[in-house]
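Q: The structure under discussion is supplied below as structure tokens; questions concerning it will follow.
The values are calculated or read from the model by the stated rules, or taken from the named source; none is laboratory data. Nothing here was measured: the structure is a model prediction, and the numbers come from that model. When we count neighbours, we look across all protein chains shown, and the Cβ atoms used for this are built from the backbone with ideal geometry, even at glycine. Areas reflect the complete protein model, heavy atoms only, side chains present, ligands, DNA and RNA absent. Shrake-Rupley method; radii C 1.70, N 1.55, O 1.52, S 1.80 Å.
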Amino acid sequence: MEKKKALIIVDVQKAFDDEKWGERNNLNAEENISRILQLWRGKGWSVIHIQHTSDNPSSVFYPKNEGFAIKEIVEPIDEEVIITKKVNSSFIGTNLEEFLKVNGITTVVITGLTTPHCVSTTTRMSGNLGFATYLISDATAAFGMKDQNDTFYDAATIHNISLATLHDEFATILTTEQLINEFIK
């Protein structure tokens, strides 16, 4: 697989440490992302950090608030790209698609937070735009949530259903180990 690849790390920000989100699954997602990131850097492949921002000063994603910061475990280094976005998709209102195309990148590996929101939306758009898209199941995570009928679904259920809706339609779903064994030998 000698096509050009990019690792996209979506919204791994301190904002998601806020207790307002509730319980989360995949508590080791950031460790898995960091592991992939270290191997990716070793290969000299492109790394793109996506950072969610809000214009609302009371938001945990407001740039002057602590939550805006990317978590240290995956902190960007010099040559890595940082793209800020204001919506769920990393492609809307950003230069992500242009960056990938200009650099001849045809394959993207997506990790980050959270599975049903920005990770899912970015994955769907990546697949729709024609990129060979891989989503790493244990390098993303979800929080529990209620539906329109006030029925609560736990984090693992939300995560697994989100992955199921993306599997084979928009992306190939792999674990960190599968990615390492298939890509990063």
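Q: Of all the Cα-Cα pairs you can form in the chain, what percent are over 19 Å apart?
A: 56
Q: Counting Lys and Arg as +1 and Asp and Glu as -1, what is the net charge of the other residues whose Cβ lies under 14 Å from the Cβ of Ile82?
A: Net charge in that neighbourhood comes out at -3.
Q: Based on DSSP, what percent of beta bridges with both residues in region 82-185 are antiparallel, to the nearest 5?
A: Values: 2 of 12 bridges.
Counting DSSP beta bridges with both partners in region 82-185, the antiparallel share is about 15 percent.
Q: Another question, if that's okay. Taking every DSSP beta bridge with both residues inside region 7-136, roughly what % is antiparallel (nearest 5)? Don't skip to the end; give the middle numbers.
A: Values: 1 of 18 bridges.
Looking only at bridges with both residues in region 7-136, the antiparallel portion is about 5 percent.
Q: Just the number, please: carbon plus sulfur as a percent of the accessible area of region 1-147, 1.4 Å probe, no ligands or DNA/RNA counted.
A: Reported share for carbon and sulfur atoms: 48 percent.
Q: What's the Cα-based Rg to Rh of region 1-77, Rh via Kirkwood? Let's see the in-between values first.
A: On the way: Rg = 14.1 Å, Rh = 13.7 Å.
Value, to two decimals: 1.03.
Q: Can you compute the helix-only [θ] at 222 nm over the chain? Use -39500 (n - 2.57) per DSSP H run of at least 4 residues, normalise by all residues, nearest 500 deg cm²/dmol.
A: It lands at -8000 deg cm²/dmol.
Q: What is the distance in Å between the Cα centres of region 75-99 and region 123-159?
A: 19
Q: Over the chain, what relative contact order in percent results from Cα pairs under 8 Å that are six or more residues apart? Show your work: numbers first, answer last.
A: Values: 361 pairs, mean separation 49.4, N = 185.
It comes to 27 percent, rounded to a whole number.
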